[in-house]
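The values are calculated or read from the model by the stated rules, or taken from the named source; none is laboratory data. As the structure is a computational prediction, the values presented were derived from the model and not from experiment. FYI the Cβ positions are ideal-geometry reconstructions off the backbone, even for glycines, and counts take in every protein chain you see.
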Amino acid sequence: MSVYPGFIGPTNNLASPSVDSEETRNWFLEMSAPGTGKAPAWLAPAPGYEPFVVLNDGPVRALFSQDGRCFAVGATGFYEINSTHTASLLGTVALDGRPATICSNGSAGHQLFITSGGLGYTFDLITNLLTPITDPNFPNPCTMGCFIDGYFLALLGQSNTFYWSSLEDGTTWNALDVAQLSQSSDYILSMFPVYGQLWLLGSKTGVVWADIGGATIFAPIPGSLMQVGTRAAFSFWVGDNASFWLGGNDQGDGIVYRGTGVGSAPTRISTHAIEYRLSQSNRLENCLGWGYQENGHTFYSLLVPDLDTTYTYDAATQQWHSRDFWDPVTLENIPDVVRCHTFCFGQHLVGDRESGAVYVQDYNLATTTLVQMGAG
């Protein structure tokens, strides 16, 4: 039994500090097995970072890996990151203030599909050539892309419409291969695959589609309409057999949800303390979500640009903690440096939200060396 029961706990800084003002920064709760150990829980350190490679420019807007190869978008550059701590510039992409997306059709098509700055690109994994998608049927502007069942999908900005490519070929798009939501009236803001199903989140509602085959190919799953949408298009992340995102609808916003599948309502995982802090932000639409798994913990992090910390949820303990850095110039806390993640070469690689640095993220790192740090 702990000498000081309740001394350690999650971040739970309520609006009323006299009730609870706990702030667990750069540590997280890890529970001991029942009936073992000298205490039920301890504070484990958040991982540290050290540079793996530095791209020519930043921020790092996307990371993706598959079959031992790793790719990144840093500002306008598209790179392959090598295991030798080097990066090869493979071409350039358009730039806007949004993240880029990367997905692949694997060995069936040997292609990557990249969206960036409203445009789409394919990368041939055999010839190593990056090519803009020039098919007139490709949506413009395209805000994000994904891959399901042999098809690349592209979301048309400011609409409730998405398109899909020819089977296993991201260079060819048919004007008839398009779908429009009819279950709700709001625009689609987020589009992402969750274990073979397509989740579409608008500003007020969400719905799940699936590949039903035949001439229609994609169609909504009956009973999948949710009265929860999203406030931040790129807050979603898929892990731990679930999806995570910053929710919103016509009643309000600022609640973080976990969705587990069709037929079950999304589960609120944020606390009143987290929701109070989110309510202090004026830039919720710019929140970025990302995550990873390490030592049995599945972490979902929400980067809120104008707050002083990154809030991180541990699915193993269902508790929140904070991750940030101390800025010695401004003498204040600033959010964690990370904005995206991939696992490759047996290591967690994360991208810097300001510079072109790609770091190794490691639980065992005692110190952190940053290439650049700022207010963000």
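Quick notes on this structure:
- Boolean, Leu278 is surrounded by 22 or more Cβ atoms within 10 Å (Cβ to Cβ), modelled with pLDDT of 95 or more, not hydroxyl-bearing (Ser, Thr, Tyr) and not in a loop (DSSP other than H, G, I, E, B): no
- Taking the numbered list (1) at pLDDT below 95; (2) touching a strand residue (DSSP E or B) at 6+ places or on another chain (Cβ under 8 Å) in turn, Leu156 passes all entries but (1).
- Yes/no for Val54 being out of contact with any Leu (no Cβ under 9 Å at 6 or more places or on another chain) and either more than 28 Å from Asp362 (Cβ to Cβ) or at pLDDT below 85 (or both): no
- Those residues of region 305-352 which are under 17 Å from Trp237 (Cα atoms) and touching a Pro at 6+ places or on another chain (Cβ under 8 Å), in sequence order: Thr310, Trp320, Arg339, Cys340, His348, Gly351
- Pairs with Cβ under 9 Å, 6+ apart, first in region 285-304 and farther than 19 Å from Leu201 by Cβ, second part of a loop (DSSP other than H, G, I, E, B) and of a type in the set (D, E, K, R): Gln293/Asp240; Thr298/Asp240
- For Ala265: the one exception among (1) of a type in the set (A, V, I, L, M); (2) touching a strand residue (DSSP E or B) at 6+ places or on another chain (Cβ under 8 Å); (3) on the phi > 0 side of the Ramachandran plot: (3)
- The residue list Gly117, Gly202, Gly157 contains one member that is in contact with a Phe, Trp or Tyr (Cβ under 7 Å, 6 or more places away or on another chain) and of a type outside the set (A, V, I, L, M, F, W, C), which is Gly202.
- Checked against (1) part of a loop (DSSP other than H, G, I, E, B); (2) touching a residue at least 24 places away in the same chain (Cβ under 8 Å); (3) of a type outside the set (D, E, K, R), Met191 passes all but condition (1).
- Enumeration of residues in region 208-249 that are within 24 Å of Ala179 (Cα to Cα) and among the charged types (D, E, K, R): Asp211, Arg231
- Each residue in region 83-92 was checked for being assigned to a strand (DSSP E or B) and farther than 28 Å from Arg283 by Cβ, and 5 pass.
- Within region 349-376, residues that are modelled with pLDDT under 55 sit with their Cβ atoms under 8 Å from residues that are surrounded by fewer than 16 Cβ atoms within 10 Å (Cβ to Cβ) and of a type in the set (Ser, Thr, Tyr), at 6+ positions apart or across chains, in these pairs: Ala375/Thr330.
- Restricting region 197-232 to residues that are under 18 Å from the mean Cα position of the chain (by Cα) and closer than 26 Å to Asn174 by Cβ leaves a set whose member that is surrounded by the most Cβ atoms within 10 Å (Cβ to Cβ) is Leu201.
- Of the residues making up region 349-365, those that are surrounded by 18 or more Cβ atoms within 10 Å (Cβ to Cβ) and in a strand (DSSP E or B) are Leu349, Val350, Gly351, Asp352, Ala357, Val358, Tyr359, Val360, Gln361.
- Any hit, region 156-174, residues being under 21 Å from the mean Cα position of the chain (by Cα) and among the hydroxyl-bearing types (Ser, Thr, Tyr): no
- Residue tally, condition part of a strand (DSSP E or B) and either touching a Leu at 6+ places or on another chain (Cβ under 8 Å) or modelled with pLDDT under 95 (or both), over region 93-113: 5
- Only one of Ala154, Ala179 that is part of a strand (DSSP E or B), of a type in the set (A, V, I, L, M) and either surrounded by fewer than 22 Cβ atoms within 10 Å (Cβ to Cβ) or on the phi > 0 side of the Ramachandran plot (or both): Ala179
- Residue count for region 290-321, restricted to those that are part of a strand (DSSP E or B), farther than 18 Å from Ala242 by Cα and within 17 Å of the chain's Cα centre (by Cα): 3.
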